[in-house]
Amino acid sequence: MSPFNNDLEVPDGWGFVQTIDRRDFLKLTTTGLLVMFFVEPLMGRGSLELPQGGRGGGTPADLNAFLHIGADGRVTCLVGKVELGQGAMTSLPQLAAEELDVPLSAVDIVMGDTDVCPFDSGTFGSLSIRQFGPVLRRAAAEAKGVLLEMAAEKLQVPVTDLAVEAGTVVHKTDRAKRVTYGQLTEGKRIERRLEGRPALEPVSAFTIAGKTAPRRDALEKVTGKAKYAGDIVPTGALHARIVRPPAHGAVLATLDTSAAEKVPGVRVVRDRDLVAVLHAHRDEADKALGLVKATYTPSASTLTDATIFDHLVKTAPAGDTPFRGGDLAAGEKLATSVFSETYRKGYVAHAAMETHSAVAAVENGKVTVWAGTQTPFPLKSQVAAALGLTADKVRVITPYVGGGFGGKSASQQGVEAARLAMAAGVPVRVVWSREEEFYFDTFDPAAVHTIRSGIDAAKKIVFWDLVAVGSGSRGVEHIYDIPNHRTVVRGGWNGNPAGMHPFGIGPWRAPGANANAWARESQIDVMAAKAGMDPVEFRLHNLADARMRRVLEAAVKAFGWTPKPGPSGRGLGVACGIDAGTYAVNMAQVHVNKATGHIQVVRLLSVQDMGVVVNPEGAAQQTEGCLTMGLGYSLAEEVHFKNGELIDSNFDTYQLPRFSWVPKIETVLLESPNLAAQGAGEPAIVPMGAVLANAVFDAIGVRVHQLPMTPARVLAAMKA
Amino acid sequence: MKTVSFTLNGKPTRVTTDENRLLLWVLRDDLGLTGTKFGCGQASCGSCTVVINSDAVRACATAVGDVEGKTVTTIEGVATDGRLHPLQDAFIKHAAFQCGFCTSGMIMGAYAKLLKDPKTPPAEVLKELEDHLCRCGAHVRIVDAVTTAAAAMKGGAR
């Protein structure tokens, strides 16, 4: 269905009509052209396994776009996506401007406001451009089609004689005949829909999309004016600090808030299990929280970051076999060398610089929550459920989000702020401390991969038997030509038995795909070394996928890779990955200090085929971010814990990549005009663990089987 | 309670409060300057960096009483007379941020070094930023921005 009109009647069950704050929305839409565009799910989520944690299940109902064209000719995109730093507020208007034939400067964007934007299940999965982009383009194309029809009527000429130039409809030969979009929409409510589907502009004709656009958030972010959820201060708002348990599994036994209550300006608020101290000043609320005496029964968990791997293998469900082919036993008979390896990876934190933050205010029975979230619409439902309100009584507004990486798909802090605001009768600010951020993080899960594989005398991989525990199915498929293979996935995002993980897990930039690629691409290098082949040549020798061959060959050229079997002593590594529809090859060079075990990365290259690139500069930024963030989980980041308690709870012990870690980074985006835009936010991080492990092996002839490759693990591997 | 007097972004400022309170929260909650960010609360991420006299300081670990009689500059005070500082220009030019949450602190850390000596070499400025965390991985662009700004300031830009 593709209804096109400007009134607010929408299909039953969709919920928008009930949730509109008409005051605000009508201000925007009483005049002018409003396009509401709904499409059936364009494409299945395919191999994307959607993690749990605040996301709706089933078919997404979120492929909607709103566009408004005002009497001044300005176009407003109303989108349910949010700006996390990934640059969607810059690239989405490029697509709208392109299809509408208006200057980019005439396009505004409103994001993540549940009262004025159409439903969206969340900003994750590198989907903003990949899935939402085509929808926005269709909405814009439909609007242009209607405006052309209106212009034809107004100018009394056939529509085929008209063209659009920068927001003005012009007669192709009699150029005096012209009318602007603004003149067409002025002072009227327009209810029309286009007959048939609009044609999208061919990518080859793009003049705005496909070119670098300056970031729209730049000025606000360099001047301190950009507002994040914690910067929103409704009149009378109080900071809340919530009483928290010391360990996962610990249960509150006794509570004494009397000392805190005596502090001037402090209020103690209790809503069932939620106990908080409130004060106008955050630091005074912190101090008052320190006066609360709470005792807890200890956690029953006895797990540690060392024992977790055996525990996962023991407790993970039997799992599924998403990929299999040929005959493993027959394949093994053909093998002249058999390899049996185990790879481990610890829990990794999201550690966005902005901790989970939200501010809630109640006015006339309606709750407004400003939240740093990747999922404003699911949060709205959670708030409504928690407060027993109908959906029209909750509005979630998403200001700038200070990084998400999957971690802000869970938005518990928004519910906490709303509950406390309701209980306290004043607006409440909840800005998690860094310790709360670690405690409630939905970590990238620890994982164990066991792989048995073999090559024959011709150095062809003849069998592959992988069991992935903990990391789910995203990117777990081997990408090579292997006639006999089986991939078993035990445990992922849904269906894990209680107690399998000692704390929350959830989507982390390319969920599970980092672990899956690390194991696969490490194993490929193990085989290449035994075969006495250069790791690139070994891959090409076993790879039919023409698209990946092209990316790999482009990487060879861009890096200046010269073939040599590993370990060559040069410290070079290669690894491949497919994620979010994008093909990625990373190459690296490292130095390893054999005395200290320290790994210094000196060069990183990423080559990707991501289809049409909407904003090349934005895609480069995302890629650089992937490579830099990938240094962390590969070299240092690991959550330590014991008996339900997090040993790492701040940046004094949990190490993020720093300037001195970051090498020269090169990014190459291959021309790929015949493929629709694919994901840019995640693919390049996927090969990071393996590319560095492979480079370390090439440098010192030692393979590290566990991420992160800390100096201690490098030294231990050298001794083994 | 004590009245603390200092110069904030060029303006004489007085705050009457517990002098042991933290500068970060006095700036954000009492004075409404929210450009200075809370990231860790233990001076290990750099998001809350401000400049006191000419030193980069972590506002989350500084008592407001310590700024008595001093000059405090926050991100809101870096642009002067409606003109962006060369660092701000360079951060925009190189898109040296993504989510922007660490940006204020990054700029203030670099600002302090260049305030002390506008001819500070970029490598020295970056040493100051080693203890500033950026989760988005904008590092290579921040390096470019600092390099551009340092060159401009060496050439006389302010």
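Since every read-out is calculated from the coordinates, none of them should be taken as a lab result. Since the structure is predicted, the reported quantities are computational estimates derived from the model, not experimental observations. With ideal geometry, Cβ positions are generated from the backbone for all residues, glycine too; neighbour counts draw on all protein chains shown.
Beyond 29 Å between alpha-carbons counts as too far, so tell me which of A:Lys594/B:Lys37; A:Lys221/B:Lys116; A:Lys144/A:Lys366; B:Lys93/B:Lys116; B:Lys70/B:Lys119; A:Lys345/B:Lys113 fall in that bin. Going by Cα-Cα distance, A:Lys594/B:Lys37; A:Lys144/A:Lys366; A:Lys345/B:Lys113 fall outside the 29 Å limit.
Quick one: Debye curve from the C-alpha atoms of the protein assembly as shown, no solvent, what's log10 I(q)/I(0) at q = 0.07 Å⁻¹? So the normalised log intensities work out to -0.57. Proximity of backbone amide H atoms, modeled 1.01 Å from N, is registered between A:Val668 and A:Ser606, A:Val607, A:Gln608 at under 5 Å, excluding neighbours fewer than 5 places apart on the same chain. Separation of region A:694-720 and region A:73-136, taken as the distance between their Cα centroids, equals 44 angstrom.
Take every DSSP beta bridge with both residues inside chain A and express the antiparallel ones as a percent of the total, to the nearest 5. Could you put the intermediate results ahead of the total?
Numbers: 85 of 114 bridges.
Of all bridge pairs located within chain A, approximately 75 percent are antiparallel.
The packing ranking of peptides A:364-372, A:659-667, highest mean first, is A:364-372, A:659-667, where packing means the average number of other beta carbon atoms within 10 angstrom of each residue. For region B:2-77, the equivalent ellipsoid built from the Cα gyration tensor has semi-axes of 17, 13, 11 Å, listed from largest to smallest.
Using just its DSSP H runs of length 4 or more, each adding -39500 (n - 2.57), chain A gives a mean residue ellipticity at 222 nm of -8000 deg cm²/dmol after division by all residues. Taken residue by residue and averaged, Cβ atoms of other chains lying within 10 Å of the Cβ of A:629-635 number 1. Remark: the Cα gyration tensor places region A:562-601 in the oblate category, a/c being 1.5 or greater and a/b not exceeding b/c. Residues A:Lys557, A:Lys221, B:Lys116, A:Lys460, arranged from fewest to most other Cβ atoms within 10 angstrom of their Cβ, appear as A:Lys557, B:Lys116, A:Lys460, A:Lys221. When A:Glu201, A:Glu437 are sorted by how many other C-beta atoms sit within 10 angstrom of their C-beta, beginning with the fewest, the order is A:Glu201, A:Glu437. Residues B:Thr80, A:Thr582, A:Thr315 in ascending order of nearby Cβ atoms (within 10 Å, fewest first): B:Thr80, A:Thr315, A:Thr582. If the segment from A:Lys154 to A:Ala498 were pulled out straight at 0.36 nm per residue, it would be longer than the present Cα-Cα gap by 117.2 nm.
Amide hydrogen proximity for A:Met709: with H placed 1.01 Å from N in the peptide plane, the residues at 5 or more positions away or on another chain lying under 5 Å are A:Leu635, A:Ala636. The calculated FRET efficiency for the pair B:Gln42 and B:Thr7, based on their C-beta separation and a Förster distance of 25 Å, comes to about 0.35.
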